[in-house]
Structure formats: C-alpha cells, structure tokens
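**Q** Handing you a structure now.
Quick note: the coordinates plus some simple rules give every number you see, no bench work behind them. None of these values were measured; they are calculated from a predicted model. As a convention, Cβ positions derive from the backbone with ideal geometry for all residues, glycine included, and neighbour counts pool all protein chains shown.
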C-alpha cells in the first residue's frame, strides 16, 4: 500500500455568514470573515490517494492524470470564483475550510475509483496558519 | 546604511476590470481576474526601510514599531476587505498588484519618516508565482 | 469526523543536559545542544483537533478561539523564554522536542475538550529538518 | 509513543521508461519523464520513526544519529547520482517516487531497529506539488 | 517605475565538466557535480521586468503574457531536458547556475522589449541554498 | 557581472539589553527580547557575492568554497552559541539583526576578496517576518 499526494491551488473569494443571522450576529460568530463585501484566499489543496503500485508503470496513479482529474472536477469550479455564489457543490453550505474539504471529497471520490485507487485524504489550506483535513467519514 | 524588512499579511477580495469596458472586453484583457463575483488572495506585504543604525538601540527602527505602523496604516484597511469597494487609497484605481504597491507606498511614506528612517521598497506578493516591487519613483 | 490544524510560533532558548552528567558527558550525549550558555530556536507548533463539524457554524472549532487558547495556555509560557529555567510544565524534564510535544499536549488537552473537540496531534518543529509529533499515548 | 522526523535532501537524475516499450510507447505512458537524455530533481526525504522516549536523554533517537544513518545508508547512494544507472537498491525497478519510497524503506529498516526505534514512514517529495509516502506494508 | 516578477519552474539534468579535463581533474574542480552519469535539479526561475504602469490596465505587463513568453522561449527548452546535451542556448558553455542565468537573459531580452518593458533581472535558484542573479551587464 | 548567493543557517541564543539601563527601561525599549534568561532563533544567513564569471569553470566562485568560508569564519562562531556571551565579533555590541549583519560583513570581507570576488550583501533573517540587509557602507 502506497500513498501519493498531488498539490493544486486556487484563488477564490468567500464570506462566512448565515442568512438567518443579523449582521451583528454574523460578526459576533464569524468576525471579519463575515464581511458582506467578501474577502479571499490563495487556497492550497492536497489530494492523497492510496493503493497498490502498478508494477507495469511503478505508479499508483500517474500524477499527471490525477492533476487533470482534480483540475477538471474541482479547480475549474473554484479558481477565481466566489465560493458562496458560484460553486455548485458548496450551495446551501457555509463556506468554511472544513466544509470545503468535505465538498471536494465528494467531487473526487468517484473519479479516483476509476483510476483504480482509493481517495485517502483531502487537505485544504486557507493560509500558512490554518488547514482542514477530511478522511471520508 | 542598513536595510530592514518587515513582512505582514492580508487576505482580500478584488476584481480587475474597467467600467468603460464591456464584460467581454474585460474578460479579453483581464481574463478570469475580471470575474464580476470577485476572487481573492492571501497577499504578503514586505516593507523595507533604510537608514543608519541607532547606536543606543542597535536598531534602524524597532520592528515592533514598524509592524504597528503597517497594521494601523495599511493592514486594517485591506485585511478581510474588498479592495475595489472598501479601500480608500485604491478608489478610482485598478486593483492590480502594481497599483497596490504604489498605493501602500503613499500610505506609509510619511509615517516611516517620523520613525527617522526612509521607505526603500514596497513588495506585494499576490501568489507564490507573482509579485510587484515599488521603490518610490 | 474532520481534522483542523492551527499553527502558532514561539522563539525560545534552551539547553540539553543532565545535572548528573559532567560537562564532558553532556557534550558526548547532547553535542553542541549542551552548550552551558544556551542556544535557541524559532519553534513552530501545529495543534490538530478532531471532531464533528458544527452544522450551525460550519466549524469544528473557530480557529480564532483555538488560536486564543493556544496563545494563553502555551505560547505566553514559551515565547521569548528560557525553556529550562522559566517554563512551568517543563520543569524537571529534558527540553527535547519530544518532551515539548508531550508537555504541550498536557497543557492543551482539557481546554480543547471545553471547545467540544478532541486533541489529535501536537507537532513541534525545531528547525526545517527536525520535528516531533505526539498523539496522546 | 512519540514520532520524530528527519528531513534530508538529494539531487539526482532519472528517467521513467521500460526497456520493453518503444520510445513512442514510453512517451505515451511516461510523457516527458521518459526523455532518454534524463532529467532530474531536488528530492526531499522525510524519515519518521516511532517509539518510546528514552527517559535518560529525552530523545526517541538522537536526530544527529538518525541523520548519520540516513546519509550513510541512503543519501550517499542517491545524491548527485543517476537513479536508473547507479543506485543499487533501485536496479531493475522503475525509478518512480513510489518505488523510491519503498526502496529507501528497505535500506533503512534494519538500521532503525538497531537504534531501538521503529521505522514509521518514508516520504519522498519530488517537487513542491508531488510526493509519495510508504508505511511499510 | 515598477518592477514585477514571475516565477516559473523546470526540472532538468546536467553535469559540470570540461572535455579538456581528465575525470580526476573534473572531480577535483567540480566535485560530485561532475558525475558522468548526470544529476539534476528542480530549478526555480524568477524573471523581473521594470517599466511604467500602463494606466489603461494597471499592469506593467500582464503576468499571463509574461508567463507565456517565458514558457515558450525558455521553459520548453529546459524542462525535463539534459542541459548539456539538449539546450541550444547552453551549447559550448558550462552548465553552471551563473551561465544559465546569463543564457536565459539572452533568450528573453528581445521578447520582453516587445511587451513594452525592460528586462531587469534573471534569478536562477538551483536549490534552497544556492542561487545566481544576472542584471544584464 | 554576476551575483551569487549562498544560504547558511545557525541556531543561537541572545538578549537585547543595555547594561546602563534598568530592567524596566530595558523592557520598555526592547520588550520581551530583553528577557534576562535569554531567548533564541533559527537564523538564516544569505551571503551574496558579485564579480565576473570565470570562463574556465563557469563559476563566479565555487559555492562549496564559499560555503566552507562562511562556515569557518562565521557559522562555527554563532551556531548553538549565545551571541551576547560567546561571539567575539559581537562583543560590546547590541545583538540586533542589524548589528549581526554588519558584524558578519566584517568577518567575511577579506576572505571573499581572496576568492577573487566582491562581497555584495549580507542578509540576516531572524524569523519569517523580519530580516536585515547590509551592503557594506
């Protein structure tokens, strides 16, 4: 069993807030992250797969293939977008780093299986000080 | 003559576009950076001062004092804000990294003089691959 | 189950030695880390929590709350301090990276529970080449 | 139980290809990594051990001892070498990051046991975007 | 006058040696970098331009345009290549970081002028510890 | 004219204070950096030389030779030391980053000349947020 990880990046705007909260309540709970005019981040996404090395290629999965999958399924939806307004798999969810990790897992799980590997971890880094990891359950 | 540099960080949303351009023209010139729903970055700001070391303290300027100046004059205006909509010194300007560097220079130049030092360089990094530097003229 | 990590930093002096060893023996076992005049590091501390996402906030724990806890319980005790002489939870222990990780775990375990999360990992990095991790048992 | 990690680095040339493939087939499977004239990387190697802290020293293993082991058993064989042509433990294997991680595990497993610790993970990073991890089975 | 920098990366094999030296002499002068079987690096290239901000766009040069120029003129020639054997602008030259910086300058100088900017600096980083910079004379 | 830079690292303890100040005055001026029990840092040192490329070697200076010079003249004096108590070239000086940069310049200037190059810049980084640069006058 081997684990491989591919890093991809996306730059996006977002806002943490609940529509059923007042502006004051949103500020109390989410602080400056609730700014109604949005803010944004350079997100880093680390996708880790696990499985057996293919003896024919020496790869678990060709990382170029994995990169292509991540870009098509996830990065094109997120990069230079507004996570709250424009990302289908985040609709109706708070755009926290935790929820982003869970949402990206769902977007990639099937595609990774078709590569004969298993999705092991989605890590989303929002800044040099903060990140979330999701292992699928 | 010694040079000292302090790094500060801010997370902000922005959009590159001209109101006198159509959406198509904006996309042609600015690409996905023109997204009307905004995107954002983790910006890094490097402020470099030059001057003589004060023999009493061994400092050009106490970096805590410099950090306080940068936070009060610049970071509070930019962090978790929308650069196009909310930042006074960027009003009427395209929110490019180049213009941010020039704008931040103007915000800091006087305050640095009061610290008995000279502003040497403003470097603004928008991503791990892109940055702009301004030396005051 | 989600995992979130907050990075905090502290700069401290320390020395690796045993009082029951001679200077020669200390040098033999701990090398230049036994220098009686101390040396120091920019330590990086990564605190990882696990638990369920709160559907009300999208957070496991608000990272600002976690940061405040780490600063109050750990960083104020370590930052710009001498680990051997001034840090209560390291008294009577060798100030190795391993022992620091275990000691910080004990300082944070109760506070994390009060945040409705579980402490998962304490990672202490002493340099770009060396780090220790502790998972609680 | 504590985990410690030492990072070491090596710069090496390699090529991904199979002798039983034509040049066209190699290019189809391995892309530009199959270049017959070789290419290369600055590899980063992270070696993680687990075990009990020695109460006499506060160490799981002295990281200088671990560094010496890694350099003698692995780095001297890989650094400034051609992985395909010159590295004994990679002979007859595709020089993928996955296979490197497995091969380095075998080189270090016995030596780590003699240090009274257990090898936990070999992580090999080929670039800032790609890495492989092996946990021994 | 503003300065902008774009980072691009390439992975390449090379060897430092002179054909008019014996193997022993090559080893004496170039050490393990003279290995006849090659070694390699993850190179980082930083290209800095200077000039006036275009008031129409807020850019000195659109960094996407600059990235495209660097990739077409330089990266496609170097990435996953053998610098000694395959890179036209390095033929007959020692493949040192210094010479790479000078060679890449020549490849980019004209193209940058056509973008209405001036090439200011080529920085080539061979490892986290070593880099060379060339300013054109 | 080419510029080359070598990075070296050292871990040291220090304290910012004046003997002619009271403890209170030292704390007022230098803050927690005046802690009488010391604190410490992982310092990074970047040494930049300038000069002509030697056509025989393609080098300005062999970076291994430069590394050896820096280690012998500077790093052995600073690494795992107390800068205030043990470093000859810092005696009688405040151990600020600014003074370290100037002091290291003096230690290296003659040795670099013997390598047929000119010392261009000493950059000392005390943390990821703070650094000083000295260009010799």
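**Q** Using only DSSP helix segments of four residues or longer, with each worth -39500 (n - 2.57), what per-residue ellipticity at 222 nm results for chain B after dividing by its residue count and rounding to 500? Mind showing how you got there, number by number?
**A** Details: 4 runs with 38 residues, N = 137.
Taken over chain B, the calculation gives -8000 deg cm²/dmol.
**Q** Quick one: with label points 7 Å out along Cα→Cβ, list the inter-copy distances for residue D:1 in nm, shortest first?
**A** Relative to the other copies, residue D:1 has label-point distances of 1.4, 1.4, 6.0, 6.0, 6.1 nm.
**Q** Can you tell me how the protein assembly as shown classifies by the Cα gyration tensor, rounded, prolate or oblate, using a/c under 1.5 as the rounded cut?
**A** Judged from the Cα gyration tensor, the protein assembly as shown comes out rounded (a/c under 1.5).
**Q** Taking the label point as lying 7 angstrom from Cα along the Cα-to-Cβ axis, what are the distances from residue B:72 to the corresponding position in the remaining copies, in ascending order and in nanometres?
**A** Listed shortest first, these distances are 2.7, 5.0, 5.1, 5.5, 5.9 nm.
**Q** Okay, next question. Could you tell me which residue in chain F puts its beta carbon nearest the axis mapping F onto D, with the distance rounded to whole Å?
**A** Nearest to the symmetry axis by Cβ: F:9, 7.
**Q** Choose one answer from D:24, D:72, D:98: the residue with the largest mean-square fluctuation in a GNM of chain D with alpha-carbon springs under 10 Å.
**A** In the Gaussian network model the winner is D:24.
**Q** In whole angstrom, and with the biggest value first, how far do the Cα coordinates of segment B:4-72 range along each principal axis?
**A** Its Cα atoms span 60, 19, 15 Å along the three principal axes.
**Q** Give the average, rounded to an integer, of partner chain Cβ atoms located within 10 angstrom of each Cβ in F:12-20.
**A** Values: counts 7, 11, 4, 4, 4, 0, 3, 0, 1.
Taking the mean over all residues of the peptide, I get 4.
**Q** Something else about it: Using C-alpha positions alone, give me the convex hull volume of chain F per residue in cubic angstrom.
**A** Working: hull volume 14.8 nm³, N = 137.
In chain F, the Cα convex hull volume per residue is 108 Å³.
**Q** When each copy gets a label point 7 Å from Cα toward the beta-carbon at residue B:23, what are the spacings between them in nm, shortest first?
**A** Shortest to longest, the spacings are 2.7, 5.0, 6.8, 6.8, 7.7 nm.
**Q** Sorted by average packing, counted as other Cβ atoms within 10 angstrom per residue and highest first, what order do D:126-132, C:50-56 take?
**A** Values: D:126-132: 18.6, C:50-56: 15.3.
Going from most to least packed, we get D:126-132, C:50-56.
**Q** How many partner chain Cβ atoms sit within 10 Å of a residue's Cβ in peptide E:97-106, on average, as a whole number?
**A** Values: counts 6, 11, 5, 1, 4, 3, 0, 0, 0, 0.
Going residue by residue through E:97-106 and averaging, the value is 3.
**Q** Tell me the Kirkwood hydrodynamic radius of segment E:88-137 in angstroms, computed as one over the mean inverse distance between distinct C-alpha pairs. Don't skip to the answer; put the middle values down first.
**A** Numbers: mean 1/r = 0.0868 Å⁻¹.
About 11.5 Å, per the Kirkwood formula over Cα pairs.
**Q** Arranged by the count of other C-beta atoms within 10 angstrom, fewest first, what order do E:78, E:100 take?
**A** Least crowded to most crowded, the residues run E:78, E:100.
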